[in-house]
1. In percent, how large is the relative contact order of region 331-458, given Cα pairs closer than 8 Å and 6 or more residues apart?
2. Please report, largest first and rounded to whole Å, the three semi-axes of the ellipsoid equivalent to region 29-95, where each semi-axis is the square root of five times an eigenvalue of the C-alpha gyration tensor.
3. So what's the gap between the Cα centers of region 198-253 and region 329-395, to the nearest angstrom?
4. Between 0 and 90 degrees, rounded to the nearest ten: what's the tilt of helix 427-436 against the longest Cα principal axis of the chain?
5. Normalised by the number of residues in region 46-181, what is the relative contact order in percent for Cα pairs under 8 Å and 6+ residues apart?
6. Please give the length that would be gained between Lys197 and Ala313 if that part of the chain were fully extended, namely 0.36 nm times their separation in residues minus their C-alpha to C-alpha distance (nm, one decimal).
7. Give, in nm to one decimal, the length gained when the segment between Thr25 and Lys145 is fully stretched (0.36 nm per residue of separation minus the Cα-Cα distance).
8. Can you give the relative contact order of the chain as a percent, counting alpha carbon pairs under 8 Å and 6+ residues apart?
Amino acid sequence: ISWRPDERSFFYNRLQKLGADAPPTDRYLKSRVFLHLIGADPEKDPAVFGYGVSPDVKVDPADIPFMVTFPGSPHAIGLLAHGVEREITLYAAPLESLGKAGAPWHKLCDVADDVTDFAAHGDDLYLLTHKEASRFKVIRTSIRKPDLARAAVVVPPGEPVLTGLAATQDALYVQELDGGIGRLLRLGFDGKGALEKVALPFDGSITLHPPDPRVAGLLIGMSSWTKAYRVYSYDPKTKQLTDTRLRPSGPYDNPSGIESREVKARAADGTLVPLSIIHQRGLELDGSHPTLLIGYGAYGITLDPGFNVDSLAWLERGSVMAIAHVRGGGEYGEDWHKAGMKLTKPNTWRDFIACAEYLVEKKYTSPTRLAGQGTSAGGITIGRAITERPDLFAAAISEVGASNTLRAEFGPNGPPNIPEFGTVKEPDGFRALYEMDAYQHVKDGTGFPAVLVTTGMNDPRVDPWQPAKMTARLQAASTSGKAVLLRVEYEAGHGIGSTKTQFQELLTDEYAFLFWQLGVPEFQPAASSSLQKQSAHNPVREWRGAGSASGGFVP
């Protein structure tokens with residue numbers, strides 16, 4: 001939501017009301033922005049932006065509209081998100097005109113301008129764009145009279161990837177990604193125009209907290225593979241970052257016995273793929289360590305350095321955790337993203353395979369001790385990795401994973417994902433979707449690794465039938481005798497809104513499953529158990545792990 005200056009009313013997005021006979025693909029279509037006065041009847045809220053609201057604003061049914069306001073600014077910015085496409089469309093109108101008939105909207109930028117983020121200061125509009133700049137640049141134009149063709153370039157493109165903007169009272173702050181490490185630039189509004197680097201306390205990832213344009217400086221979140229997230233306050237007068245202690249440091253948040261390495265694996269086509277490796281200090285490279293390789297590779301999203309204390313349950317046993325920064329992500333800008341989408345999507349899982357081979361070659365692990373994991377769109381990554389190289393992995397986890405992309409388009413969240421993955425209604429789109437469809441590439445009579453597939457019954461992003469189909473297909477096809485399980489959480493969705501207990505129970509089951517399948521002695525079933533006897537001959541169809549009463553494993 002975005003508040004108006006009266007502090008009594010705000011703008012919000014609302015989905016359309018569907019009729020009983022509406023197809024499921026209509027759920028996220030034709031949404032609009034409404035204006036609500038506190039205490040008023042929401043059913044009488046006026047629509048102010050979005051589908052069918054203004055003749056001056058072109059909105060497709062799949063577009064998702066939002067309203068952005070800035071304290072002290074007379075402008076309102078209408079934002080159109082085009083499904084999962086990163087490029088946005090922006091309109092502007094006088095804030096006071098919204099809620100009245102005939103608000104005078106004018107366009108600021110469109111999809112062809114390749115804008116992915118923006119910030120405003122007074123009448124100046126700052127845009128983050130990859131137009132003729134794969135690793136992005138920042139340009140400035142006027143909100144009242146925008147002219148992108150003549151916009152000033154205030155931060156030119158360079159080797160690091162520019163990833164975000166924030167405008168405060170004193171300066172424009174620009175976030176960049178330099179070889180996987182977050183950096184912060186500052187461009188003052190004092191007219192001097194000098195771009196300066198902000199000194200950070202350690203190397204890791206940074207998050208720009210939502211700024212207040214009435215206040216100098218800003219809050220910055222930082223973390224690394226071995227340091228937990230903390231919030232710093234930047235003072236532009238002293239040029240110092242101070243730990244706010246808004247997130248107190250716990251006793252396990254900065255483990256001294258854990259270290260990380262940044263390396264590169266060579267993919268099949270010669271491309272060097274960044275790979276982050278986390279493990280205990282002094283680890284002996286003898287190929288014996290249970291290793292979990294994690295990958296994603298979609299939407300231009302980067303897997304930035306971050307530490308979760310729960311990962312110690314994995315690392316403290318001498319296990320290795322690795323993150324493959326595969327194509328499809330944004331680690332090297334828009335070119336890296338486009339090199340792993342639609343027809344180029346095979347690069348994503350082949351980069352993942354290359355990272356797995358690196359871990360084996362360098363003797364961190366071996367195929368009998370190696371597991372892979374992908375979540376959501378990462379289900380494509382892990383699903384196609386094990387169908388293309390089932391011999392390389394002992395186990396795999398597909399967490400709420402997309403695994404049947406040929407059919408995903410016909411679910412509620414299908415239309416918004418067409419820009420990233422393609423549509424079956426076009427020849428090239430069909431070919432791309434078929435190639436990335438793990439379900440379609442499960443071959444009978446194959447010795448697949450052990451697989452744990454998870455889903456939430458209320459998942460609005462990856463419908464539960466996708467993980468269910470993938471589980472059933474693997475169970476029918478695999479000849480390895482290894483477990484193929486489906487874990488269903490009946491009171492959860494895609495994981496975003498899960499409770500702490502739900503998350504911990506899921507992680508417990510995942511780690512227990514992996515330790516079991518990777519041969520850690522404490523996690524092996526008793527030799528006389530029915531589970532052990534069954535797994536010796538056939539894929540295990542049901543296992544009651546540490547899941548809550550609302551979840552569990554099913555055939």
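The values are calculated or read from the model by the stated rules, or taken from the named source; none is laboratory data. The model shown is predicted, which means the values in this text are computed figures rather than measured ones. Don't worry about glycine lacking a Cβ; one is built from the backbone with ideal geometry, like all the others, and counts go over all protein chains shown. Side chains included, ligands, DNA and RNA excluded: accessible areas come from the protein's heavy atoms. Shrake-Rupley method; radii C 1.70, N 1.55, O 1.52, S 1.80 Å.
1. Working: 196 pairs, mean separation 35.3, N = 128.
The normalised contact order for region 331-458 reaches 28 percent.
2. On the way: eigenvalues 80, 53, 23 Å².
Semi-axes (√(5λ), whole Å): 20, 16, 11.
3. 32 Å
4. 50 degrees
5. Values: 271 pairs, mean separation 18.9, N = 136.
The normalised contact order for region 46-181 reaches 14 percent.
6. Values: separation 116, 0.36 × 116 = 41.76 nm, distance 3.69 nm.
Gain on extension, Lys197 to Ala313, equals 38.1 nm.
7. Working: separation 120, 0.36 × 120 = 43.20 nm, distance 3.80 nm.
Full-extension gain reported as 39.4 nm.
8. On the way: 1337 pairs, mean separation 43.8, N = 555.
Computed value for the chain: 8 percent relative contact order.
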